[in-house]
Amino acid sequence: MSQTATEGASTGAVDSPAAHSSKRWWILAIIGIAQLMVVLDATIVNIALPSAQADLGFSDGNRQWIVTAYSLAFASLLLLGGRIADLFGRKPAFLIGVAGFAGASVLGGAASSFGMLVAARALQGLFGALLAPAALSLLNTTFTEAKDRAKAFSVYGAIAGAGGAVGLLLGGMLTDAFDWRWTLFVNVAFAVLAFVGGWMLLTNHRDAANSKLDVPGALLVASGLFSLVYGFSNAETHDWSSPETWGFLAAGALLLTAFAWWQTRAKHPLLPLRVLLDRNRAASFIAVLITGAGMFGVFLFLTYYLQLNLGFSPTKTGVAFLPMVAAMMVAAQLSTIVLVPRIGPKIVLPAGFAIAAVGMAWLTDIGVASDFSTSVLPQLILIGAGLGIVMPPAMSLATNGVAPEDAGVASATVNTMQQVGGSIGTALLNTLAASAATSYLAGKDGTNKLVQAQATIESYTTAFWWSAGFFAAGSLIGLLLYRRGTQERDPDAAPVVHM
């Protein structure tokens, strides 16, 4: 028996194909539910913000912190959460993460003040940072046979990719039928299913039991990621020349540089640099970053357009995204099971980015009173297909061949890239959109409703063009960086992937 296997056996039953032959698909369902809960909370509260603001009486300037508190805690603590799962066991990390996330959701739903709601959202992010990498590490050790892995990861990738749109639909339905508090209370239902199923079916596994936690590294990377995300978040409400924007961005860059330096000297590094040095892995990390940044051009600004310009209700807005979700799920199956195993990522992923870029550029044809069925629906389907081709295989390749003891932190790194990409995308696209609207209004009658409406269209289409540019850049980077041919999995490596 290998040393790793011995260590795993000493802490509980070791996950294996034989051990999970009859229950592995139930494990996929349980972990899928848990991850859906985490992904939903990136968007489900957004659609209920106007109702929450009216109820609790906070200002427009403070409104962003309901979203930012979650992303700040989640992004800055993900690497630490992944390493904790590696060191102390993935099953307890999963169960504690699920229970904590549910408790924080109840606190947020019962919030009687703005501060209480922000604190609850930060706690959700904290427990989500523990839950997400533990969940995927457990899934990855369950599916070790290549054919089943492809099926499981394509399903899971589609769930993760569609989570934002599902969050908009569910948030709209709950807000319309009940009130905004149910966008948080609903997490309890997901958590109960995930916790009970996880308690019954999961076994503990820790491959890095003999390592120690890199405390200086954890402090450096957490503070660096916090500063980076906080700086980009401030760009939405402050000028880029404000010290509250560039100061935190500069601090974040310095702290992350210091973190990278420390990882070359630490005896037990939090993020071993060997995780980052594979060429396909590096390309996939960049792909995940770009996907996170560009997708906000769809969810954020198209949500505004559908509700404010076309008059859609919150529920109808969520339903409008379902064709995109369906296209994403179909494309995810095709890409992960058929295309990448036969052709390799160098052609498939750049092609997916190119398809998404075309769909996003086509979306710039919208007008003040466009018809949804001709000016939005076909474009959404195309974007969904393109992202479905990219997301699951990119996230799988980002951790393919990682050593077992690095499984949790590698999974967390992928999610960190996605979160940071989303923060960058939100800040950049909001700033560019606002500038476009201001430029359009220059010299025009700003009190005229038609002029105001057209200014909003200019802001949306500017964001869509930039998102198309992000995806086009992703296509070019993929062509340059991905290796030719298919990639066989190292039989001695942990089969890990994170969505």
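The values are calculated or read from the model by the stated rules, or taken from the named source; none is laboratory data. What you are looking at is a predicted structure, and each value in this text was computed from that prediction instead of being measured. Don't worry about glycine lacking a Cβ; one is built from the backbone with ideal geometry, like all the others, and counts go over all protein chains shown. Accessible surface is based on the protein model in full, side chains and every heavy atom, while ligands, DNA and RNA are left aside. Shrake-Rupley method; radii C 1.70, N 1.55, O 1.52, S 1.80 Å.
Structure notes:
- Some residue of region 215-229 being outside any loop (DSSP other than H, G, I, E, B), open to solvent by 70 Å² or more (accessible area, probe 1.4 Å) and modelled with pLDDT under 90: yes
- Considered as a group, the residues in region 35-85 that are among the charged types (D, E, K, R) and surrounded by 20 or more Cβ atoms within 10 Å (Cβ to Cβ) include one that is farthest from Gly108 (Cα to Cα), and that residue is Arg83.
- Pairing residues of region 112-128 that are without any contact (Cβ under 8 Å) to a residue 40 or more places away in the chain with residues that are surrounded by fewer than 24 Cβ atoms within 10 Å (Cβ to Cβ), at Cβ distances under 6 Å and at least 6 apart in sequence or on separate chains, gives Phe127/Gly100.
- Residue in region 62-74 that is closer than 20 Å to Ala134 by Cβ, modelled with pLDDT of 85 or more and among the hydroxyl-bearing types (Ser, Thr, Tyr) present: yes
- Residue match in region 265-288 (condition: farther than 30 Å from Arg484 by Cβ and in a helix (DSSP H, G or I)): no
- Hey, Val409 open to solvent by less than 10 Å² (accessible area, probe 1.4 Å), β-branched (Val, Ile, Thr) and closer than 30 Å to Asp214 by Cα or not: yes
- Residue selected from region 236-257 under the condition among the polar types (S, T, N, Q) and over 19 Å from Gly425 (Cβ atoms), by the criterion modelled with the highest pLDDT: Thr257
- Some residue of region 391-401 being open to solvent by 20 Å² or more (accessible area, probe 1.4 Å) and at positive phi: yes
- Complete set of residues in region 309-326 that are open to solvent by less than 20 Å² (accessible area, probe 1.4 Å), of a type outside the set (A, V, I, L, M) and at pLDDT 85 or above: Phe321
Conditions (1) touching a residue at least 40 places away in the same chain (Cβ under 8 Å); (2) closer than 25 Å to Gly318 by Cβ; (3) among the hydroxyl-bearing types (Ser, Thr, Tyr), marked per residue:
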position	(1), (2), (3)
Gln379	no, yes, no
Ile389	yes, yes, no
Val414	yes, no, no
Gly421	yes, yes, no
Thr431	yes, no, yes
Ala434	no, no, no
Ala437	no, no, no
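- Filtering region 355-374 for residues that are more than 19 Å from Leu481 (Cα to Cα), at pLDDT 95 or above, more than 23 Å from the chain's Cα centre (by Cα) and of a type in the set (Phe, Trp, Tyr) leaves a non-empty set.
- Count of region 436-471 residues which are of a type in the set (Lys, Arg) and outside any helix (DSSP H, G or I): 1
- Condition check for Leu363: touching a helix residue (DSSP H, G or I) at 6+ places or on another chain (Cβ under 6 Å) and open to solvent by less than 10 Å² (accessible area, probe 1.4 Å): yes
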